[in-house]
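Novice: The structure's right below; bear with me while I get my questions together.
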Amino acid sequence: MQVVIVDDDPSTLFITSAVIRRIDDAEPIGMGSPLEALDWLAVNTPDLILIDHVMPDLDGMDVLERIRAQRHLADVPVVMITADTSVKLRVAALESGCTDFLTKPIIVPELLARAQNLLRLRLGQRMMCDQAAVLRSRVEEATAQLRQQAQELVARLARATEYRDPETGLHIERMASYSRVIAEGFGMDPDDCARLAEAAPMHDIGKIGIPDAILLKPGRLTASEMRVMREHPAIGHAMLQGGEHPLICEAAEIALGHHEKYDGTGYPKGLRGEEIPLACRIVAIADVFDALTTARPYKNPWPLDTAKAYILEHSGSHFDPACVDAFLRVWTSILAIHDAHPDPDFTGTDGAAFR
């Protein structure tokens, strides 16, 4: 363990170093100049620092303040060696971060005992820091495993939706990516953007509960069929609700609210404005834009600029204007995502653009 001794008196430096060598595993590092000591301390972290109070260039108080100003030295014990026994000096030194005092002339047994005690405390402190680092690493590892498990669950449930609705596969990839870049354009925290992209593929999980005759019907749905189709948000929410993991909770929220409209005319609850969770407002744009611009057996894709104009036209009615602004800000990224995940080239003219 390294013990730095700062004293301009060579004899005191020699004696103090000799005493420190009597402590097992202690390595004294003597320095006669406070400026030299500060240069060394700027790039090293010893286990104990002993500083003389009265020195040329800088006194012990100045050295102490500069030591405590450096983050890596904040927890290193510092002992001031001084012939001044005034309460004023000791209070000032303690307030500046001094750990202990030694009075000149130095009494060797006292120096030895104080140094040993402080080094034991320092060793215990380092051991606790090491244990804390190990525990922190284990917590981070466990958290990462839980996150991975949640991501795998989301991916598998989204894949289950794909098996029911063959049109869903690339759609969920694109709209998840659209959702992420819109969230970034909105200014959301990077972790929230990532979680939104992971949760968004679950938006249509409730379609698992919709009969094939309706889910896979080519062409437009009748009014009664549409009523059944509009049950899928509540079904999806029922499947996902009740969990504690943030990813699953957000997926449940998106499943329920991605068909709500900003003006309150959406479903299933008819929420309006900021009553609709932000994640749902973002996913609504991503979902509709992808539905409009993707070919299906029952419809041709809309040109990208036409779909963009549709989103802009329905800002304030179907869509949150702030989210539309974010969508426009990341338009270049939207185009890149669309081009990176092309769907098969279906042909057809009839049918609803999105449900």
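Novice: Report every pair of residues separated by at least 6 positions or lying on different chains whose Cβ atoms are under 7 Å apart, first residue within region 330-350 and within 16 Å of ALA295 (Cβ to Cβ), second at pLDDT 90 or above and hydroxyl-bearing (Ser, Thr, Tyr).
Specialist: Close Cβ pairs satisfying both conditions: HIS338/THR293.
Novice: Of the residues in region 87-121, how many are over 17 Å from ARG21 (Cα atoms), part of a helix (DSSP H, G or I) and either outside the structural domain of THR45 (by TED's automatic domain parsing) or of a type in the set (Lys, Arg) (or both)?
Specialist: Of region 87-121, the ones over 17 Å from ARG21 (Cα atoms) are 87-105, 121.
Still in the list and also part of a helix (DSSP H, G or I): 87-95, 121.
Filter once more, so that each one left must be either outside the structural domain of THR45 (by TED's automatic domain parsing) or of a type in the set (Lys, Arg) (or both): 88, 90.
Total meeting the criteria: 2.
Novice: Next up: Identify, please: which residue in region 277-316 is assigned to a loop (DSSP other than H, G, I, E, B) and of a type in the set (S, T, N, Q) and is, among those, nearest to the chain's Cα centre (by Cα)? Steps first, answer last, please.
Specialist: Initial filter on region 277-316 (assigned to a loop (DSSP other than H, G, I, E, B)): 277, 294-295, 297-298, 300-303, 314, 316.
From what is left, the residues that are of a type in the set (S, T, N, Q) are 294, 300.
Working: THR294: 34, ASN300: 41 Å.
It comes out as THR294.
Novice: Could you list all residues from region 88-146 that are over 20 Å from HIS53 (Cβ atoms) and of a type in the set (D, E, K, R)?
Specialist: The answer is ARG120, ARG122, ARG126, ASP130, ARG136, ARG138, GLU140, GLU141.
Novice: Looking at region 154-208, which of the residues that are closer than 18 Å to PRO246 by Cβ and not in a helix (DSSP H, G or I) is modelled with the lowest pLDDT?
Specialist: Checked region 154-208; the qualifying residue modelled with the lowest pLDDT is HIS203.
Novice: Among the numbered conditions (1) under 15 Å from SER333 (Cβ atoms); (2) in contact with a Gly (Cβ under 6 Å, 6 or more places away or on another chain), tell me where SER177 comes up short.
Specialist: (2)
Novice: Let me ask something additional. Being touching a residue at least 12 places away in the same chain (Cβ under 8 Å), over 23 Å from ARG174 (Cβ atoms) and in contact with a Cys (Cβ under 9 Å, 6 or more places away or on another chain) is the filter here; which residues of region 242-276 pass it?
Specialist: LEU271
Novice: Might you check whether a residue that is over 20 Å from the mean Cα position of the chain (by Cα), part of a helix (DSSP H, G or I) and either buried (at least 17 other Cβ atoms within 10 Å of the Cβ) or modelled with pLDDT of 85 or more (or both) occurs anywhere in region 141-153?
Specialist: Yes - at least one qualifying residue is present in region 141-153.
Novice: Additional query: Spot the failing condition for ALA279; the list is (1) of a type outside the set (Phe, Trp, Tyr); (2) surrounded by fewer than 16 Cβ atoms within 10 Å (Cβ to Cβ); (3) in contact (Cβ under 8 Å) with a residue 60 or more places away in the chain, and only one is missed.
Specialist: Going through the list (1) of a type outside the set (Phe, Trp, Tyr); (2) surrounded by fewer than 16 Cβ atoms within 10 Å (Cβ to Cβ); (3) in contact (Cβ under 8 Å) with a residue 60 or more places away in the chain, ALA279 breaks only (2).
Novice: Output the residues belonging to region 56-91 that are surrounded by 12 or more Cβ atoms within 10 Å (Cβ to Cβ), among the hydrophobic types (A, V, I, L, M, F, W, C) and free of Cβ contacts under 8 Å to residues at least 60 places away in the same chain.
Specialist: Correct list: LEU58, MET61, VAL63, LEU64, ILE67, LEU73, VAL76, VAL78, VAL79, MET80, LEU89.
Novice: Just for region 186-230: of the residues that are charged (D, E, K, R) and in contact with a Pro (Cβ under 8 Å, 6 or more places away or on another chain), which one is surrounded by the fewest Cβ atoms within 10 Å (Cβ to Cβ)? Quick ask: steps written out before the conclusion?
Specialist: Just the residues of region 186-230 that are charged (D, E, K, R), to begin with: 189, 191-192, 195, 198, 204, 207, 212, 217, 220, 225, 227, 230.
Now narrow it down to the ones that are in contact with a Pro (Cβ under 8 Å, 6 or more places away or on another chain): 195, 230.
Numbers: ARG195: 23, ARG230: 17.
This residue is ARG230.
Novice: Still on this structure, I have one more. May I ask you to list the residues in region 1-26 that are among the small types (Gly, Ala, Ser) and not in a helix (DSSP H, G or I)?
Specialist: ALA26
Novice: On the basis of being crowded, with 17+ Cβ neighbours inside 10 Å, within 30 Å of the chain's Cα centre (by Cα) and closer than 23 Å to ALA150 by Cβ, does ALA238 make the cut?
Specialist: Numbers: crowded, with 17+ Cβ neighbours inside 10 Å: no; within 30 Å of the chain's Cα centre (by Cα): yes; closer than 23 Å to ALA150 by Cβ: yes.
The answer is no for ALA238.
The values are calculated or read from the model by the stated rules, or taken from the named source; none is laboratory data. Computed from a prediction, not measured in an experiment: that's the story for all the values here. Methodologically, a virtual Cβ is constructed for each residue, glycine included, from the backbone with ideal geometry; neighbour enumeration extends over all protein chains shown.
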